[in-house]
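Comments concern the structure below.
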Amino acid sequence: MRKLFCLTLLLCLPSAFLLSQTNVQNSPSPTKEDVLKFMDLLHLRAQLKQYFDGVGKQARLGAEQGFKQKVPNANPEQLAEVDKFADSLFSDMPIDEMLDAMVPIYQRHLTKEDLDAILAFYSSPVGQKLQREQPAMMQEGMQLGGEIGRRRIGDMMQKMDEFTSNLAQQEQDKAKKPKQ
């Protein structure tokens, strides 16, 4: 869950936020209200929802693919059960809890001045364009990432199966040897 949270944070936030050069320790931190205003301006709640919807779709495709490998003649009812299970995995992610948990992170890493400048950018025409285009860019990136991940996961699972089969065979061979 912690890795997923960190990945979500990195995917949802432009890298410009991470490049603040202001000395955070000597400047006032933004208030919780400042950070929440910022999150609202960026529509982070909607972005997280879209992110988890995309992850859920990729999980569904991966689950179907994995099930079809294990059950090549899967019937529609079985595939519907796999889809239902996969859909349930990301359907109730605690987005509000995640956003609340991220507030202190912003407060530690950004000053009030930083956040004011970021808010000014996102209120500008180019900042608004980035906000409009970012969901489509994110969706396209997730589709590509999902395709790459599914290709790689197949190879990884095959290697894991070979490894565990070899290990199991070694254990069986040890058990068959007479004890000296």
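Laid out as a table, the results:
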{"item": "Residue that is surrounded by the fewest Cβ atoms within 10 Å (Cβ to Cβ), among those in segment 122-153 that are within 17 Å of residue 40 (Cα to Cα) and in contact (Cβ under 8 Å) with a residue 60 or more places away in the chain", "result": "123"}
{"item": "Residue 157, sole failed condition from (1) surrounded by 10 or more Cβ atoms within 10 Å (Cβ to Cβ); (2) closer than 20 Å to residue 40 by Cβ; (3) not basic (Lys, Arg)", "result": "(2)"}
{"item": "Count - residues of segment 26-56 that are within 30 Å of residue 146 (Cα to Cα) and part of a helix (DSSP H, G or I)", "result": "17"}
{"item": "Pairs with Cβ under 8 Å, 6+ apart, first in segment 40-67 and farther than 14 Å from residue 85 by Cβ and among the β-branched types (Val, Ile, Thr), second modelled with pLDDT under 90 and not in a helix (DSSP H, G or I)", "result": "55/90"}
{"item": "Matching entry among 104, 72 (being part of a loop (DSSP other than H, G, I, E, B) and without any contact (Cβ under 8 Å) to a residue 60 or more places away in the chain)", "result": "72"}
{"item": "Qualifying residues in segment 112-163 (those that are of a type in the set (Asp, Glu) and at pLDDT 90 or above) - the one farthest from the chain's Cα centre (by Cα)", "result": "113"}
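The values are calculated or read from the model by the stated rules, or taken from the named source; none is laboratory data. Only a predicted model underlies this, so the values are computations on that prediction, with no experimental measurement involved. Cβ sites come from the backbone with ideal geometry, for glycine too, and all protein chains shown count toward neighbours.
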